[in-house]
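Just below is one structure, and these are the notes that go with it.
The values are calculated or read from the model by the stated rules, or taken from the named source; none is laboratory data. Since we're looking at a predicted model, the values are computed, not measured. Every residue, glycine as well, gets a Cβ built from its backbone with ideal geometry; the counts of neighbours run over all protein chains shown. Heads up: the accessible areas ignore ligands, DNA and RNA and are worked out on the full protein's heavy atoms, side chains in. Shrake-Rupley method; radii C 1.70, N 1.55, O 1.52, S 1.80 Å.
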Amino acid sequence: MNQPRQTATYLSKRLTAAGLRPVSKYGQNFLIDLNLVNLIADSAELRANDVVLEIGTGVGSLTSQIADKAGAVLSVEIDQNLHQLASEELAGRPNVKLIQGDALRNKNSLRDDLMELIGEAMQRIGDEARFLLVANLPYNVATPIISNLLHQTPPPDSMVVTIQKELADRICAVPSTKDYSALSIWIQSVCDAQIVRVLGPKVFWPRPKVDSAVLKMDLNQSKRDSIPDLRYFHETVRALFFHRRKFLRSNVISAMKGRLEKVQVDEVLHQLGHDEDSRAEQLSVDEIKTLVESLRIAEGK
């Protein structure tokens, strides 16, 4: 199959001919280095039994690379005009399904039919099917897309995405650093994450004002299985880091307000050996997991 030539010249001419231009509110920054488009697809280590979700079809350059190797591709594009262009570029690919619309219902949930469509594609492929996210993610939806997908059943076996480098740094951050956050802990508690490549602005059109990164996150099923209640864990971690510079005791008391008494919080912290000077940002992912589970048990959940 022919591949769309996603260079700045090609994109400019293609969009101009259609009377279009990139829409900033949709976070449209097109990757114009074909070698890097290939890198994203190659980093996903795609197989014929893979069902791949792509958020942000663009004109279909990455979509076509994915479709050459994967069993099924579900690609979502919010921009109706780009959706039409991609439909023309990707015509004749029976394993590609294009959806026009927002991948998110709201910031806390995916659109209603997304996982249903993924599930149907996986059923068609059979028991060996894997679910992956492979995408040059629009910057403005990267965090909710990644975060919400990890709550799904099934979650992606792997995610290979282009996102802002700042966000990639936060996801991969270690304790006691400025980037270490609730998001770091949530992703690392269920995935093994690594930055594959840092990308400068010049490989995009239009050029963004910040660096980007290709990030790979592989689901670690044993890590995920060690968390009895994923929703409780995620929500509690977010509450613990709401005021990250406070002492741990103050954060826990605030997070558990109306759920646990101060004496119960003190008992949990004492049992785990956390002193008065401890802060949430100093705790490792495993220590946070132990703390949250102890709070859940104390709460009787």
THR143 accessible area, assembled protein chains, probe 1.4 Å, Å²: 50 Å²
Of PRO175, PRO94, PRO138, the one that fluctuates the most in a GNM where the chain has Cα springs shorter than 10 Å: PRO94
Nearby lysines by direct alpha-carbon distance to LYS202 (threshold 26 angstrom, same-chain neighbours under 8 apart not counted): LYS13, LYS25, LYS165, LYS216
Normalised convex hull volume, segment 111-254, alpha-carbon set, Å³ per residue: 142 Å³
Within-15-Å neighbourhood charge of GLU116 [Cβ basis; K, R +1; D, E -1]: +1
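So for segment 208-301, what are the equivalent ellipsoid semi-axes in whole Å, largest first, each being the square root of 5 times an eigenvalue of the Cα gyration tensor?
On the way: eigenvalues 138, 62, 30 Å².
After scaling each eigenvalue by five and taking roots: 26, 18, 12 Å.
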Tilt relative to the chain, helix 8-17 - C-alpha long axis, 0 to 90 degrees, to 10: 70 degrees
Residues of segment 63-105 with amide N under 15 Å of the 7 Å Cα→Cβ point at GLU120: 72-76, 95-100
Pairwise centroid distance, computed over Cα atoms, of segment 232-270 with segment 45-113, Å: 41 Å
For segment 94-228, accessible area per residue (1.4 Å probe, heavy atoms of protein chains only), Å²: 45 Å²
Neighbourhood charge, 11 Å Cβ-Cβ cut-off, centred on ALA173 and excluding it, Lys, Arg +1 and Asp, Glu -1: -2
Inter-probe distance in nm under a simple model that places probes 7 Å from Cα toward Cβ, at ASP275 and ASN49: 5.3 nm
Value of Rg to Rh for the chain (Rh from inverse mean 1/r over Cα pairs, i.e. Kirkwood): 1.03
Net charge contributed by nearby residues that have their C-beta within less than 11 Å of ILE99 (K/R +1, D/E -1): -2
P(r), alpha carbons of segment 33-126 - 10 Å bins starting at zero, rounded %: 17, 47, 33, 3
DSSP beta bridge pairing in the chain, given as percent antiparallel to the nearest 5: 50 percent
